[in-house]
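Undergrad: First, the structure itself, so that you have it in front of you.
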Amino acid sequence: MKIMTINEAVMDYAERKSKEVAAKFLRSVRLVYGLSERGNPIGMASCILLMIDGHHIILTAAHAADITTSGKSPLYIAGENKLIKIEGEIYTTAAPDGNRAKDNMDFAFKILSTSEVSSLGDVDFIEANSVSMNQGSLEGRAFLALGYPCSKNKEASPRAKEIVSAAWNYQYIIPNSKEKIQDLQIDSAEHFHFPYGKHVGDYNGNKINGVSPKGASGGALIDLGIFQPGDISPDAVMRGRLAGMFIALKEGKKMEFVKIQPILHGIRSKLARHHSSTP
């Protein structure tokens, strides 16, 4: 029997349970492909599948959607067994002065038809009961970022019989100190900002090379809650709730996420206008 310190036990629990949560949410966080200059599928971004007020929605970063709305490349979503082309109207946030870098919200979405939902196969759409309210105390709270970096999803060979999507995740536990949270400028009204650099820590306290998150834009931020000593039993349940969407790595040292509440508000406002204009 291995003897652990409290800290080691918490880290062991965090690693085991985050893997379970990642496996669950990766059924709703999908890779977005474009086509290379040679016409082969290549990883471009990530997206989240949502169920909002009875609508099946694809949510991604607006700068990722710009790839197809500008005509640079069609985009495809990785379904259960095949790639599904994203067609039809894509709603995007406005780019101030036509400059997407100035767009603090940076999200886009598409309403899926019944046939498109069916084509995706056995995937999950995140519903309201799996969405975080982002209202709890941040001290000691753990978050999990999920997405599909380009470095792990390079151009597919034209001879490949199947295309395998390679996911990435990054867990961050917020310091148990209001002063430290303020110093790191983690929280704002509409965003989370988590430290990230060339080197990150693993669950054993070692420094390892951080994966470039390019391509993870449109991926999910999952609220894992606050780890308590009583939670670290093997039978403890960590459910996880969608807290936001990844949009950028700021100045090479901070991951920026848009909180899910302003995103949902924007989607619902657009849905209301969409229905009012439909005959």
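The values are calculated or read from the model by the stated rules, or taken from the named source; none is laboratory data. None of these values were measured; they are calculated from a predicted model. Because the Cβ atoms are built from the backbone with ideal geometry, glycine has one as well, and the counts that use them run over all protein chains shown. In case anyone asks, the SASA skips ligands and DNA or RNA and just uses the protein heavy atoms, side chains included. Shrake-Rupley method; radii C 1.70, N 1.55, O 1.52, S 1.80 Å.
Undergrad: Excluding ligands, DNA and RNA, what is the solvent-accessible area per residue of the chain at a probe of 1.4 Å, expressed in Å²? Walk me through the intermediate numbers first.
TA: On the way: 14630 Å² over 279 residues.
On a per-residue basis, the chain sits at 52 Å².
Undergrad: OK, next. May I ask you to evaluate 6.51 cos²θ - 1.76 cosθ + 1.60, the Karplus curve with θ = phi - 60°, for each residue of the range 15-31 and list the ³J(HN,Hα) values in order in whole Hz, giving x for glycine and proline?
TA: 5, 5, 6, 5, 5, 5, 5, 4, 4, 5, 6, 5, 6, 10, 10, 10, 7
Undergrad: For residue 215, enumerate residues with amide H under 5 Å from its amide H, sequence gap 5+ or separate chain, H modeled in the peptide plane.
TA: Under 5 Å from the amide H of residue 215 lie the amide H atoms of 150, each far enough along the sequence or on another chain.
Undergrad: Ranking request for peptides 45-57, 75-87: highest mean number of other beta-carbon atoms within 10 Å first, then the rest in descending order. Mind dumping the intermediate values first?
TA: Working: 45-57: 20.9, 75-87: 17.7.
Going from most to least packed, we get 45-57, 75-87.
Undergrad: Put +1 on the Cβ of every Lys and Arg and -1 on every Asp and Glu Cβ in the range 17-71; which of 44, 22, 60 then has its Cα farthest towards the positive end of the dipole?
TA: Value: 22.
Undergrad: Ignoring any ligand, DNA or RNA, what whole percent of the accessible area of the chain comes from carbon and sulfur when the probe is 1.4 angstrom? Before the final figure, lay out the partial values.
TA: On the way: 7280 of 14630 Å².
With neighbouring chains kept in place, the figure for the chain is 50 percent.
Undergrad: Continuing with the same structure: Under 1.5 on a/c is rounded, so check that first for the range 49-124, then, if it is not, pick prolate when a/b is larger than b/c and oblate when it is not; a ≥ b ≥ c are the square roots of the alpha carbon gyration tensor eigenvalues.
TA: On the way: a/c = 2.55, a/b = 1.69, b/c = 1.51.
Note, shape of the range 49-124 comes out prolate.
Undergrad: Checking the cross-link filter: which lysines have an alpha carbon closer than 18 Å to that of residue 82, excluding same-chain neighbours under 8 positions apart?
TA: 154, 161
Undergrad: Mind giving me the FRET efficiency for residue 37 and residue 189? R0 is 45 Å, r the Cβ-Cβ distance, nearest 0.05 is fine. Display every interim value, and only then the final one.
TA: On the way: r = 41 Å, r/R0 = 0.91.
Rounded to the nearest 0.05, the efficiency is 0.65.
Undergrad: Sort 103-114, 118-129 for me by packing, meaning the mean count of neighbouring Cβ atoms within 10 Å per residue, highest on top.
TA: Put in order of decreasing packing, that is 103-114, 118-129.
Undergrad: Moving to a separate point now. What does the C-alpha gyration tensor say about the overall shape of the range 39-174? Classify as rounded when a/c is under 1.5, otherwise prolate if a/b is larger than b/c, or oblate. Display every interim value, and only then the final one.
TA: Details: a/c = 1.37, a/b = 1.28, b/c = 1.07.
Rounded shape, in that the Cα axes give a/c under 1.5.
Undergrad: By per-residue mean of other Cβ atoms within 10 Å, what is the highest-first order of 25-35, 133-143, 247-257? Display every interim value, and only then the final one.
TA: Details: 25-35: 23.5, 133-143: 14.9, 247-257: 16.5.
With the highest mean Cβ count within 10 Å placed first, the list reads 25-35, 247-257, 133-143.
Undergrad: Let me ask something else. Could you please state, rounded to a whole Å, how far the C-alpha centre of the range 24-65 is from the C-alpha centre of the range 96-151?
TA: The distance from the Cα centre of the range 24-65 to that of the range 96-151 comes to 9 Å.
Undergrad: Too long at a 18 Å Cα-Cα cut-off: which of 152/214; 110/250; 102/250?
TA: Details: 152/214 10 Å; 110/250 26 Å; 102/250 12 Å.
The answer is 110/250.
Undergrad: Then there's this: For n ≥ 4 DSSP H runs only, could you compute -39500 (n - 2.57) per run for the chain, divide by its residues and tell me the 222 nm figure to the nearest 500? Display every interim value, and only then the final one.
TA: Numbers: 5 runs with 60 residues, N = 279.
Using -39500 (n - 2.57) per qualifying helix, the result is -6500 deg cm²/dmol.
Undergrad: Determine the shape class of the chain: with a ≥ b ≥ c the square roots of the Cα gyration tensor eigenvalues, call it rounded for a/c under 1.5, and otherwise prolate if a/b is greater than b/c, oblate otherwise.
TA: Working: a/c = 1.63, a/b = 1.43, b/c = 1.14.
Prolate is the answer for the chain, as a/c is 1.5 or above and a/b outweighs b/c.
Undergrad: I'd like the FRET efficiency for residue 173 and residue 82, computed as 1/(1 + (r/R0)^6) with the beta carbon distance as r and R0 of 35 Å, rounded to 0.05.
TA: Numbers: r = 37 Å, r/R0 = 1.07.
My answer for the efficiency is 0.40.
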